[in-house]
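Chemist: Just passing along the structure, written as structure tokens.
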Amino acid sequence: MSGLAISTSGLVHIYRSQGHDVAALSGIGISVRPGELVGLLGPSGAGKSTLLQLCGGLLTPSAGRLQIGEHHIATMTDAELDQMRSGDVGIVLQGAGRNLIPYLTPEDNIRYAQRAAARGRHLPSPAEVLELVGLQDHARTPLDRLTPGQIQLCAVAVGVATFPGLLLADEPTSQLDHHARDEVLAAISAINSSTGMTVLLITHDPEVAALLPRTITIRDGRIASEGRSGEEFAVVATDGSLPLPPHVAELLPPGTLVRVTSSEDGSGGVHLTPVEQEGQS
């Protein structure tokens, strides 16, 4: 198994709400290498879940390009998207219970998740999958006897039941205490490092975000910044626009004229200087 790359360009998704068009994503462009572990950050309503659902083929782009491995999402039929989700892309929805059949054991939940995988595809045994997340001793334990953290680990196990090339996880550590949260994050990190599976996950937890090797922050449907090893960077969009970090944007209110100049010392530096407009004090 090898991880799947994610590549988007000019990605747009528009919802119809109360008779009006609402742009959830406005020209998103990202590139995720095979085997990367990437967190999606941003306020509620920024477009994170929309992007995750597009990557999983649960939504169709309104415009732009979205490629998952060799799959071009915008041109695929419903049957092709179903086939992709049955083997190549695993999805963990927000809320562990939404991913599980409550009257089945962890072992049987995994078998059920594997039922639609393509014939001839090598599948891991339920025991192998449960060992990946540390639940091998609870294979036949009823779900109502598991802790919230163990139930979330079971949901992750179901998401990787077919050893997909891409795991998409929406808030997999939410509503857990710190110990359970850390166990779930450790399991996802171990899956990523041991299998080479690409992982894209949403989190609102700054402590979780700080532990991820790369983060992408979305605001108002656009890429606002990227984090690498704890350091935050602004990202120049394909149209040349540059979202400013919040602490800088506070100093430059909308409508401010800014002079952009290059450093004269050849260092490649760029300077932004507010320009006082006529009539302003």
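Chemist: Are any residues in segment 1-49 open to solvent by 30 Å² or more (accessible area, probe 1.4 Å), among the basic types (Lys, Arg) and either in contact with a Pro (Cβ under 8 Å, 6 or more places away or on another chain) or modelled with pLDDT of 90 or more (or both), and if so, which ones?
Modeler: Within segment 1-49, Arg33 is the sole residue that qualifies.
Chemist: Let me ask something additional. Quick one: is Leu52 surrounded by 19 or more Cβ atoms within 10 Å (Cβ to Cβ), at pLDDT 95 or above and assigned to a helix (DSSP H, G or I)?
Modeler: yes
Chemist: I've got another one for you. Among the numbered criteria (1) outside any strand (DSSP E or B); (2) farther than 29 Å from His122 by Cβ, which one does Leu4 miss?
Modeler: If we test Leu4 against (1) outside any strand (DSSP E or B); (2) farther than 29 Å from His122 by Cβ, just (2) comes out false.
Chemist: Select from segment 264-281 the residues that are closer than 23 Å to Leu244 by Cα and open to solvent by less than 90 Å² (accessible area, probe 1.4 Å) and write down the one among them that is modelled with the lowest pLDDT.
Modeler: Ranking the candidates gives Gln277 first.
Chemist: Here's another thing I want to ask about it. Could you run through segment 79-105 and say how many residues are in a loop (DSSP other than H, G, I, E, B) and open to solvent by less than 50 Å² (accessible area, probe 1.4 Å)?
Modeler: So the first thing to find is which residues in segment 79-105 are in a loop (DSSP other than H, G, I, E, B), and the list is 88, 93-95, 100-105.
Filter again for open to solvent by less than 50 Å² (accessible area, probe 1.4 Å), leaving 88, 95, 100-101, 104-105.
Within segment 79-105, residues that are in a loop (DSSP other than H, G, I, E, B) and open to solvent by less than 50 Å² (accessible area, probe 1.4 Å) number 6.
Chemist: A further question follows. Which one of Val270, Val236, Val275 is touching a residue at least 12 places away in the same chain (Cβ under 8 Å) and of a type outside the set (Ser, Thr, Tyr)?
Modeler: Val275
Chemist: Within segment 106-154, can you find the residues that are β-branched (Val, Ile, Thr) and surrounded by fewer than 19 Cβ atoms within 10 Å (Cβ to Cβ)?
Modeler: Thr141, Thr147
Chemist: Could we say that Val38 is within 25 Å of Ile191 (Cα to Cα) and either part of a strand (DSSP E or B) or in contact (Cβ under 8 Å) with a residue 60 or more places away in the chain (or both) here? Steps first, answer last, please.
Modeler: Values: within 25 Å of Ile191 (Cα to Cα): yes; either part of a strand (DSSP E or B) or in contact (Cβ under 8 Å) with a residue 60 or more places away in the chain (or both): yes.
Considered against the rule, which asks whether it is within 25 Å of Ile191 (Cα to Cα) and either part of a strand (DSSP E or B) or in contact (Cβ under 8 Å) with a residue 60 or more places away in the chain (or both), Val38 comes out as yes.
The values are calculated or read from the model by the stated rules, or taken from the named source; none is laboratory data. All figures in this text were calculated on a predicted structure; none of them were measured in a lab. Cβ coordinates were reconstructed from backbone atoms using ideal geometry, including for glycine residues, and neighbour counts include every protein chain displayed. These area figures cover heavy atoms from the full protein model, side chains too; ligands, DNA and RNA do not enter into them. Shrake-Rupley method; radii C 1.70, N 1.55, O 1.52, S 1.80 Å.
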